[in-house]
Amino acid sequence: MENRADLPPEIARRRTFAIISHPDAGKTTLTEKFLLFGGAIQMAGQVRAKGEARRTRSDFMKMEQDRGISVSASAMSFEYDGHRFNLVDTPGHSDFSEDTYRTLTAVDAAIMVIDGAKGVESQTRKLFEVCRLRDLPILTFCNKMDRESRDTFEIIDEIQENLAIDVAPASWPIGVGREFIGAYDLLHDRLEIMDRADRNKVAETVKITGLNDPKLADHIPADLLEKLREEVEMARELLPAFDRKSFLEGHLTPIWFGSAINSFGVRELMDGIRQYGPEPQPQLSAEREIAPEEKAVTGFVFKVQANMDPKHRDRVAFVRLASGHFERGMKLTHVRSKKPMAISNPVLFLAADRELADEAWAGDIIGIPNHGQLRIGDALTEGEGLRFTGIPSFAPELLQSVRAGDPMKAKHLEKALMQFAEEGAAKVFKPMIGSGFIVGVVGALQFEVLASRIEMEYGIPVRFEASQFTSARWVTGPTAKLDGFANANKQHMATDHDGDPVFLTRLQWDIDRVQRDHPDLKLSSTKEMMV
Ligand code: G4P
């Protein structure tokens with residue numbers, strides 16, 4: 001991942017990224033400050049709902065509900081210092097889900113937010129691992145420095161050891177908790193002082209010549225200044241200096257210390273993305289690598305969201321543009337169906353509202369309203385038969401059977417389930433024998449979310465119950481062999497929402513047996529979403 005001088009300027013100025021964090025570390029607050037400094041909202045809201053409910057929806061929807069500002073879920077675009085930032089939302093619920101993984105296939109970098117008192121937490125680690133699978137460059141923001149936090153070296157050590165990544169301090173905090181006054185900017189040798197009086201005000205920057213500048217004493221109490229000098233000297237000796245190449249390769253993360261709620265450190269972080277953050281990167285397809293500057297427009301669907309507007313049954317497919325310059329009204333080929341599609345009303349998610357996108361460039365995320373034709377993993381091109389890779393579908397780890405409270409509603413339930421399967425919110429399996437469905441998810445909370453969505457969006461109360469199966473494996477192989485196997489194992493067979501065969505069981509032993517007895521068949525726990 002290198003910066004490329006030859007990219008068209010419109011592409012080179014784009015930054016597409018996500019924020020990852022453990023719940024409560026401050027992702028929403030930081031997002032809000034990004035929007036504020038990006039000119040997308042006028043004022044940061046203070047009202048927010050508490051409790052578990054807010055975790056079950058995407059954070060942007062949460063902001064929409066709680067704060068009354070109209071922001072659209074999933075992706076937001078705003079301008080910052082001559083750059084176009086595309087911030088893609090990672091789902092807010094605390095269970096790891098495929099949604100999250102797929103979101104991260106659409107970005108070029110991630111910001112990892114950690115709570116200065118808590119350090120690396122479980123969800124941070126999981127999300128980080130996903131970023132690592134894709135070698136995503138990561139910028140770290142250590143938040144809540146206005147509260148009692150851990151020792152700075154301890155936090156850095158924990159990240160280095162826990163996540164096996166080099167950490168280069170971009171700033172160094174001065175004081176902690178009530179004594180926190182700001183940070184020393186190690187990249188520019190500047191002093192940043194936090195404004196405690198106005199939470200939405202950007203820090204005051206004091207120009208200095210370095211750590212020995214006598215001016216520092218005008219702003220920092222003597223004991224804190226001595227500590228700062230000692231620590232920075234040690235840090236420069238012991239810790240790696242920021243190295244752009246290492247960062248872009250995902251081996252090193254710069255860390256800023258700040259307080260999102262006080263707007264402190266946020267601008268420095270944004271400047272970090274602007275200055276160092278990767279430009280739109282090439283994307284992989286089964287056929288070839290696609291470079292962002294290619295003239296022909298290509299893109300892939302990484303998320304489908306239904307019922308964004310309760311009045312319509314429409315879905316919005318979120319497309320990451322991989323190459324080219326898209327203009328509204330263009331006819332693109334929907335590769336899976338080989339049909340042309342006129343993209344006449346694409347939306348760009350400017351934070352203030354959804355807006356019609358007249359144009360978009362490689363790196364941008366556009367929303368395409370549709371009636372269900374567009375599915376996760378689908379490619380749109382100007383005719384080329386591309387299949388984007390790397391958007392996997394995971395085997396669910398938890399299975400339950402589902403029934404409508406009212407048996408007359410079975411057909412409606414099927415429709416609702418298929419919609420969620422298409423959205424990628426759950427796996428839905430229709431057993432070969434018997435009626436009913438088996439629903440698979442990656443985290444237990446998703447059952448609750450599904451039950452409440454089915455009730456809210458379709459008016460069908462449902463019951464999830466323990467299923468006799470605990471594992472699902474997609475089965476592939478020569479058709480004759482596959483049919484024979486399915487017929488001999490009807491009580492274990494089902495189809496997913498694409499009609500692909502799935503083997504359900506409760507024993508790992510069963511899976512091993514099938515693999516041993518049927519060497520021509522392949523049982524796999526992921527299904528790559530491509531056609
Ligand atoms: P999340 O999206 O990662 O879950 O975190 P969110 O931004 O919702 O922040 C979680 C809590 O941490 C919120 O408090 C928020 O105000 C607080 N917070 C965020 N940044 C900072 C910071 O820099 N310093 C301090 N001290 N707190 C911060 P809450 O009690 O849940 O809500 P609220 O009533 O304070 O708004």
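The values are calculated or read from the model by the stated rules, or taken from the named source; none is laboratory data. It should be emphasised that the depicted structure is a prediction, and the values quoted were computed from it without experimental measurement. So basically every Cβ, Gly included, is an ideal-geometry build from the backbone, and we count neighbours across all protein chains shown.
Some values worked out for this structure:
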item	result
Residues located in the range 32-44, provided they are closer than 19 Å to Thr90 by Cα, at pLDDT below 90 and within 12 Å of the ligand (Cβ to nearest atom)	Glu32
Hits in the range 101-127 - residues which are more than 14 Å from the ligand (Cβ to nearest atom) and either modelled with pLDDT under 85 or assigned to a helix (DSSP H, G or I) (or both)	Tyr101, Arg102, Thr103, Leu104, Thr105, Arg125, Lys126
Qualifying residue in the range 459-478 (condition: farther than 11 Å from Leu504 by Cβ and part of a helix (DSSP H, G or I))	no
Hey, Ala421 hydrophobic (A, V, I, L, M, F, W, C), more than 18 Å from Gly372 (Cβ to Cβ) and assigned to a helix (DSSP H, G or I) or not	no
Among residues of the range 253-278, those that are outside any helix (DSSP H, G or I) and in contact with a strand residue (DSSP E or B) (Cβ under 8 Å, 6 or more places away or on another chain), counted	11
Verdict on Asn86 being buried (at least 23 other Cβ atoms within 10 Å of the Cβ), in the same structural domain as Lys33 (by TED's automatic domain parsing) and at pLDDT 90 or above	yes
Among residues of the range 11-31, those that are outside any strand (DSSP E or B) and either over 19 Å from Ala106 (Cβ atoms) or near the ligand (Cβ under 10 Å from one of its atoms) (or both), counted	10
Residue that is farthest from the ligand (Cβ to nearest atom), among those in the range 164-181 that are at pLDDT 95 or above and outside any loop (DSSP other than H, G, I, E, B)	Asp166
Residue tally, condition closer than 18 Å to Ala109 by Cα and either buried (at least 21 other Cβ atoms within 10 Å of the Cβ) or touching a Leu at 6+ places or on another chain (Cβ under 7 Å) (or both), over the range 126-158	12
Matching strands (runs of 3 or more DSSP E) fully within the range 485-531 where at least 3 residues are under 15 Å from Pro396 (Cβ atoms)	501-505
